[in-house]
Amino acid sequence: MRIVSGIQPTGNLHLGNYLGAIRNWVKMQDDVAAGGGQSLYFLADLHAISMPHVPAELADNTFEMTAALLACGIDPQRSVLFNQTQVPAHAELQWLLSGTARMGWLNRMTQWKDKAGKNREGQSVALFTYPVLQAADVLLYQATHVPVGEDQKQHLELARDIAQKFNNDFASEDAPVFTLPEPIIPPEAARIMSLRDGSAKMSKSDPSDMSRINLTDDADTIMAKVKKAKTDPEVLPSEKAGLDGRPEAANLVGIYAAMAGTSVAAVLGEFQGKGFGAFKPALGELLVESLAPINARFIQLRQDRAALKAVLADGAARARELGAPTLAATYAALGLVRG
Ligand code: TYM
């Protein structure tokens, strides 16, 4: 097994990232290490320049996000942890795959449509070709599995389409250049929603900090955010179907289930007939208790920039080595002469 996944270093690591992806990264890191496989996790800093950004903040966020991933349990001894910028093969492979990716495929990406809105003409070219870089990120390492939240599923399908077409066009059937990666999406927390609006996903780019729980929030902030979370006046139902049409209630119950490592049905079994006056404090306490150790490690790790720099440099050196054979095979398959 070869596990590969990434996160943009824009803003804080939030509960959606953690429950949708990072917790699975940590779990899979342990699983693959035991089975002799390899896991690679990276900061997608090259993706972060597809939207307007402040350079000094991107640099700071790259270190902060590195500290946050280490605090969550990514172990640089067992996983390869790095930032894309230090592995130029990501950008090189993106260009090589740009000959295979189709405009029509990229035009259908919902993230492109959402982020561009009505102003497509005014967007950066990078925002449009972003999924090709994402395909390069995983195909470079022959990833077999990619742990992500639901919102990245379509990008992963595109990576498979690009790999398939490239193999068909430029490789023989018995010696494909690329492995087709499988997404790994968690059952209970694939899409954590905003605390202010049950129809919008929890996101780093939401202007309201009250919409998300950051892994760096202290106990009081977490309790306050949960108490202020939007809900409805009904009590919790006994069955999952009773949450239909109640997106905010469904989101909070889903968060509880994911955090406690149980199912929505089990949470409803415990809280059925109770209102949010009882449920919210229980959820707040569960979050505080679960996130406190991560928070404490983060505060310690973020102070030592030199150590974080060393982790990224070491990870990048290993990633460059792991990616080199696929990059060479891609150049060769396309008939590009490298000397
Ligand atoms: P990003 O930085 O937006 O998010 C990182 C991971 O967190 C997941 N996630 C969520 N899961 C559940 N609920 C939410 N509200 C939520 N918000 C975010 C995302 O699904 C993701 O797994 N394009 C990617 C980064 C990337 C990447 C890659 C991922 C670049 N190259 C290659 C996988 C493989 C992104 O912007 O994720």
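Largest first, the three principal axis extents of the alpha carbons in the chain are 70, 44, 43 Å in whole numbers.
By the scheme Lys and Arg +1, Asp and Glu -1, what is the net charge of all other residues having a beta-carbon under 14 Å from that of residue 287?
Charge balance near residue 287 sits at +1.
Think of each Lys and Arg Cβ as +1 and each Asp and Glu Cβ as -1; about the Cα centre, that makes the dipole of segment 181-339 roughly 580 debye.
Would you work out what percent of the accessible area of segment 5-46, with all protein chains in place, is carbon or sulfur (probe 1.4 Å)?
Numbers: 550 of 1200 Å².
Using a 1.4 Å probe with all protein chains present, segment 5-46 comes out at 46 percent carbon and sulfur.
For segment 209-300, what relative contact order do you get, as a whole percent, if you take Cα pairs closer than 8 Å and at least 6 residues apart? Before the final figure, lay out each step's value.
On the way: 91 pairs, mean separation 35.5, N = 92.
That works out to 39 percent.
A compact globular protein would have a Cα radius of gyration near 2.2 N^0.38 Å; the ratio found for segment 181-339 is 1.43.
Sorted by packing (mean other beta-carbon atoms within 10 Å per residue), highest first, where do 31-38, 244-251 land?
On the way: 31-38: 13.8, 244-251: 16.9.
Those peptides, ordered most packed to least, come out 244-251, 31-38.
Given just the C-alpha atoms of segment 209-300, how large is their convex hull per residue in cubic angstrom?
Numbers: hull volume 7.6 nm³, N = 92.
Cα convex hull per residue, to the nearest whole number: 83 Å³.
With a 1.4 Å probe and every protein chain kept in, tell me what percent of the accessible surface of segment 209-300 is carbon plus sulfur.
On the way: 2250 of 4180 Å².
Of the solvent-accessible surface of segment 209-300, carbon and sulfur hold 54 percent.
Charges were assigned to the Cβ only: +1 to each Lys and Arg, -1 to each Asp and Glu. The resulting dipole of the chain about its Cα centre is roughly 420 debye. For the chain, the per residue solvent-accessible surface stands at 45 Å², with DNA, RNA and ligands left out and a 1.4 Å probe.
The values are calculated or read from the model by the stated rules, or taken from the named source; none is laboratory data. Here the structure is a predicted model, which means the values were calculated and not measured. Every residue, glycine among them, receives a Cβ derived from its backbone with ideal geometry; neighbour counts consider all protein chains shown. Note: areas computed on protein heavy atoms with side chains; ligands, DNA, RNA excluded. Shrake-Rupley method; radii C 1.70, N 1.55, O 1.52, S 1.80 Å.
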